[in-house]
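FYI, it's all coordinate maths here, none of it is from the lab. Predicted, not measured: the structure shown is a model, and the values here were computed from it. Every residue, glycine among them, receives a Cβ derived from its backbone with ideal geometry; neighbour counts consider all protein chains shown.
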Amino acid sequence: MNTILIIEDEPQVRENIQEILQLSDFKTLIAVNGKIGLEIAQKNLPDLIICDIMMPELDGYSVLSALRKNEATINIPLIFVTAKAERSDFRQGMDFGADDYLTKPFTPEELLSAIASRLEKYALVERQTQAKLDELRMNIAHSLPHELNTPLNGILGMSQLLVENCGVIPASEEVEIAELIYISANRLNALVKRFLLYSNLELIAKNPEKIRQIEEKKDRCFAKKIISEVALQKAIENCRQKDLKLDIEEYIVQIPEENLSILIEELLENSFKFSLPSSEIQVISKREGNRFNLYVIDNGKGMTIEEINKIGAFIQFNRKLWEQQGSGLGLAIVQHIVKLYGGKFIIDSIPEKGTIVSISLPC
């Protein structure tokens, strides 16, 4: 049985709505003003809310605004009911995030139809969300153990070799084995750091107060030096210095230096990973109006539209064809950071031809 909260200060209207809903087998909660309604919604988490707009204590727009800022209530469908029928009022309700809008007087059929439509849409969103969670669990179950075990097995195997052959292996071979252990440990450390970064970004994205603090802080950095240094370092790590082409203009970008470095590192890691040696990779930046636009262009394997739409943590594509290591966290991290600092993130790609990643940030 679905629970519906009715927030309405007019007793006759409130009672009529309650009677209609109870006769249709809905459980109802009642609030005589916006302030009480908001408290009940946050405590009981109803399946749907019917809310008047013009009320004492707290009007409908303020109620809806508060609901949409709370992680627990952000997705609860809300239908406004009001005697106001101006188009501007309707538009304002939609802008605040209302799901529907009924003008008084309305018939029982109109009310029940609106409720059925909103509950059906909410149920669909819930099913889609659950499907995405199931897919994420499956991807983690498949990819994370492999990503952890590969460097861990290297560390265990090489260290066991040293222990069991102590005093027998030539010094030069011992150094070589120690270097392999170090490489594997670094890879494992990088994966753990990346996973922790992604988890932290996920938490920030769900915390309006954290987002507000970031927006108010307005960290800035000079882009050219950071991009150039990080890009060159990634090229050296992948032995692709000759493939890297830089065309970077200097601007002050509204993002912390550390996060800009992460963006470049993750984008170039993907470009080097999924393109062949001796194929060119371009990093271009330029200012357009009050935006700093960054482009990373490669001639690698490319992506289909479906793959682009499914970018996320632990999502991997064509693993059998491209055996590079990777957890799929890189582009998911880039998406989070760009969104967090008011930017835009676009991927244009043609399978087997190449990819253009575009990032636009305030400057």
Q. Considering only DSSP beta bridges with both partners in the chain, what is the antiparallel share in %, to the nearest 5?
A. 55
Q: Under a cut-off of 18 Å between alpha-carbon atoms, report the lysines in cross-link reach of residue 273, not counting same-chain residues fewer than 8 places apart.
A: 234, 242, 245, 301, 320, 353
Q) Among 226, 154, 355, whose Cα lies farthest out toward the positive end of the dipole of the chain, if unit charges sit on the beta carbon of Lys, Arg (+1) and Asp, Glu (-1)? A) 226
Q. Using a simple charge model, +1 on the beta-carbon of Lys and Arg, -1 on the beta-carbon of Asp and Glu, nothing else, what dipole does segment 140-206 show about its Cα centre, in debye to the nearest 20?
A. 500
Q: Would you calculate, for the chain, the mean residue ellipticity at 222 nm contributed by helices, counting each DSSP H stretch of 4 or more residues as -39,500 (n - 2.57) and dividing by all residues, to the nearest 500?
A: -18000 deg cm²/dmol
Q) Which ordering of 158, 1, 138 is given by a fewest-first count of other beta-carbon atoms within 10 Å? A) 1, 138, 158
**Q.** Selection from 26, 338, 12 lying farthest towards where the dipole of the chain points positive, charges on Cβ
**A.** 338
Q) Which helices, taking whole DSSP H runs in the chain, have alpha carbons extending 30 angstrom or more along the helix axis plus mean Kyte-Doolittle at least 0.5? A) 171-205
Q: Using the Cα centre as the reference, give the magnitude of the dipole from point charges on the C-beta atoms of the chain (Lys, Arg: +1; Asp, Glu: -1; all else neutral), rounded to the nearest 20 debye.
A: 600
Q: Grab the Cα-Cα distance for residue 130 and residue 273, subtract it from 0.36 nm times how many residues apart they are, and report the gain in nm with one decimal.
A: 48.3 nm
Q) When you count, for each residue, the other Cβ atoms within 10 Å and take the mean per peptide, how do 236-248, 31-43, 9-21 rank with the highest first? A) 31-43, 9-21, 236-248
Q. Between residue 165 and residue 13, how many nm apart are label points set 7 Å from Cα along the C-beta direction?
A. 8.4
Q) Tell me, 63, 357 in order of fewest to most beta-carbon neighbours within 10 Å? A) 357, 63
Q.
Could you check the spin-label model distance between residue 241 and residue 219? Points 7 Å from the Cα along Cα→Cβ, value in nm.
A. 3.1
Q.
Taking the alpha-carbon distance from residue 218 and a cut-off under 20 Å, which lysines remain once sequence neighbours fewer than 8 residues away in the same chain are dropped?
A. 206, 210, 339, 344
Q. What is the packing order of peptides 166-175, 148-157, taking the mean over residues of other C-beta atoms within 10 Å and listing the highest first?
A. 148-157, 166-175
(Q) Using a Förster radius of 30 Å, what is the FRET efficiency between residue 72 and residue 339 based on their Cβ-Cβ separation? Nearest 0.05, please. (A) 0.90
Q) Between 50, 111, 180, whose Cα lies farthest towards the positive end of the dipole of the chain when Lys and Arg beta carbons carry +1 and Asp and Glu beta carbons carry -1, centred on the Cα centre? A) 180
**Q.** segment 213-362 - charge dipole about Cα centre, Lys and Arg +1 at Cβ, Asp and Glu -1, debye rounded to 20
**A.** 120
